[in-house]
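K.L.:
The structure follows.
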Amino acid sequence: MKIGQAIKKINPNAEFTINADDISQITWLNGTTPISKADIEAQIPTVEAEIEQAEQDAITKKASGKQKLLDLGLSEDEVKAMIGI
C-alpha cells in the first residue's frame, strides 16, 4: 500500500499494478512512464509520516469531540454510549 501511495505522490496519474506489495513487481499500465525504484523508495518515509500524522489527527479530533460533549454537560457514560470512548 505504501508503495502505491509513494507512486501516486510522484505521479498522481500513474496507472500500475503491484504484485505481492513488492517494489520489484510493478507493472506500469496504459503508457505510464516507469518511476525508478530509488525514487519510489525515497518517497516512502514521507508517505509513512503522512499516515502517522493522519492517525494522530484522528485521535486528537476524537478526544476534542469527546471533550466538547463533556463541556455541553453530557456524562462520561453518555459520551461513551455515543462514541465509544
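K.L.:
Full extension from Asn13 to Ile51: what is 0.36 nm times the residue separation minus their Cα-Cα distance, to one decimal in nm?
P.N.:
Extra length from Asn13 to Ile51 when fully extended: 11.6 nm.
K.L.:
Now, a different point. Quick query: amide H of Phe16 versus all other amide H atoms, modeled in the peptide plane; which residues come in under 5 Å with a sequence gap of 5 or more or a different chain?
P.N.:
Leu29
K.L.:
Could you sort 41-47, 78-84, 52-58 so that the peptide with the highest average Cβ count within 10 Å comes first and the rest follow in order?
P.N.:
Final packing ranking: 41-47, 78-84, 52-58.
K.L.:
Turning to a different aspect of this structure: How large is the helix-only mean residue ellipticity at 222 nm for the chain, computed as the sum of -39500 (n - 2.57) over DSSP H runs with n ≥ 4, divided by its residue count, in deg cm²/dmol to the nearest 500?
P.N.:
Computed ellipticity for the chain at 222 nm equals -20500 deg cm²/dmol.
K.L.:
Also, quick follow-up: Distance from a point 7 Å along Cα→Cβ of Met1 to each backbone N in the stretch 22-51: keep the residues under 12 Å and list them by number.
P.N.:
48, 51
K.L.:
Could you do me a favour and compute the accessible area per residue for the chain, 1.4 Å probe, result in Å²?
P.N.:
70 Å²
K.L.:
Lys68: which lysines have alpha carbons under 24 Å from its alpha carbon, excluding same-chain residues fewer than 8 sequence positions away?
P.N.:
Hits, sequence-local ones excluded: Lys80.
K.L.:
Which residue, Asp71, Asp22, Asp39, tops the fluctuation ranking in a GNM of the chain built on C-alpha contacts under 10 Å?
P.N.:
Highest fluctuation among the options: Asp71.
K.L.:
Once both labels are modelled 7 Å past Cα along the beta-carbon direction, what's the Thr60-Thr27 spacing in nm?
P.N.:
Each label point is offset 7 Å from its Cα along the Cβ direction, giving 4.2 nm.
The values are calculated or read from the model by the stated rules, or taken from the named source; none is laboratory data. Keep in mind the model is a prediction, meaning the values are calculated, not measured. Using ideal geometry, Cβ is built from the backbone for each residue, glycine included, and neighbour counts are taken over all protein chains shown. All accessible areas refer to the heavy atoms of the entire protein, side chains included, with ligands and DNA or RNA removed. Shrake-Rupley method; radii C 1.70, N 1.55, O 1.52, S 1.80 Å.
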